[in-house]
Amino acid sequence: MSTQQVVIAVDRQVSLEARLDLPAQAEGAALILHPHPLYGGSMHNNVVDALAQAASEAGWASLCINFRGVGNSTGSHDNGGAEQDDVIAAAAWLADKAPGPLVLMGYSFGSLVGARAADRVAGLAGGVWVSPPYVLGDLPPWPEARGPLLVITGERDEYGDLTKLEAYMHAMGALGTLKVHPGGDHFWWSGLSALKRQTVDFLAQLNT
């Protein structure tokens, strides 16, 4: 597994700081999106790291990005609007570096931005959302042609809405799988080992 610090151009004004973990022969590739930057979110986050570790255990490449305006990424925060362009550009860049199934993974704010961009990500094979923050808005419908969706949340997520999330996943039918961590909160001070295992299993199923 090689780890590289890279810069990804979104347009003439915006470039993204990112970290690429690339195995010798990748089974697929995961783009990992971080929580809200106005509350300290960046690619240097415990849940982002857990998702990257899960990708590595499954033999997948992973790309963790800093959204525009975060860390050494240029541009300005746009409340999840222009950040969707970051997702589309980073996904295209990653697909070129690691051909094969492509999955979006997002934690909190990252899950909402990823969900809003999913229908414009070419070749998307699935998604993993961790702790969708319903306080910031509802999840848009998951595109049917984009493969399965795994959602992992805490039973006591103070920024989520488990009732809405259960209804959302029920409406997806066989495409959606919901995992609820007993007693878990939004920040995953516990339960990361279970989250990693569930993510590894999800990625393994995509390759069967």
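Quick one: putting +1 on the C-beta of Lys and Arg, -1 on the C-beta of Asp and Glu, what dipole do you get for the stretch 64-172 around its Cα centre, in Debye to the nearest 20? The dipole of the stretch 64-172 has a size of about 260 debye. Its Cα centre serving as origin, the chain has a Cβ charge dipole (Lys and Arg +1, Asp and Glu -1) of approximately 220 debye. For the stretch 14-99, the Cβ-based charge dipole about the Cα centre amounts to some 80 debye (Lys, Arg positive; Asp, Glu negative; other atoms uncharged).
Each of (i) 54, 32, 16; (ii) 23, 20, 16; (iii) 26, 19, 18 is a candidate for semi-axes √(5λ) of the Cα gyration tensor in Å; the one calculated from this structure is (ii). Note on the chain: GNM, Cα springs under 10 Å; of ARG156, ARG12, ARG68, the largest mean-square fluctuation is that of ARG12.
Classify the stretch 1-94 as rounded, prolate or oblate, taking a ≥ b ≥ c as the square roots of the eigenvalues of its Cα gyration tensor: rounded when a/c is under 1.5, otherwise prolate if a/b is larger than b/c and oblate if not. Judged from the Cα gyration tensor, the stretch 1-94 comes out prolate (a/c at least 1.5, a/b above b/c).
If you take all other residues with their beta carbon under 13 Å from the beta carbon of LEU149, and give Lys and Arg +1 and Asp and Glu -1, the sum is 0. Simple rule: put +1 on each Lys or Arg Cβ and -1 on each Asp or Glu Cβ in the chain, find the dipole, and look at PRO148, SER73, ALA9; the Cα lying farthest toward the positive end is ALA9. Pairs of Cα atoms nearer than 8 Å and 6+ residues apart set the relative contact order; for the stretch 2-206 it is 19 percent. Using the Cβ of ASP78 as centre and a radius below 15 Å, the other residues enclosed give a net charge of -2, where K and R count +1 and D and E count -1.
The rule of thumb for compact globular proteins, 2.2 N^0.38 Å, goes into the C-alpha radius of gyration of the stretch 91-201 1.03 times. Averaging the sequence gap over all C-alpha pairs within less than 8 Å and six or more residues apart, then dividing by the number of residues, gives the stretch 46-139 a relative contact order of 23 percent. Enumerate the lysines that LYS164 could reach by cross-link, defined here as Cα to Cα under 18 Å, with residues fewer than 8 away along the same chain left out. Straight-distance partners of LYS164: LYS179. Residue ranges 83-95, 190-202 sort as 83-95, 190-202 when ordered by packing (mean number of other C-beta atoms within 10 Å per residue, highest first). Using the rule -39500 (n - 2.57) for each DSSP H run of four or more residues, divided by the residues of the chain, the 222 nm mean residue ellipticity is -9500 deg cm²/dmol.
Just so you know, all these numbers are worked out from the coordinates, no wet-lab data involved. In this text the structure is predicted, and so the values were computed from the model without any measurement. Glycine gets a Cβ as well: all are built from the backbone with ideal geometry, and neighbour counts include every protein chain shown.
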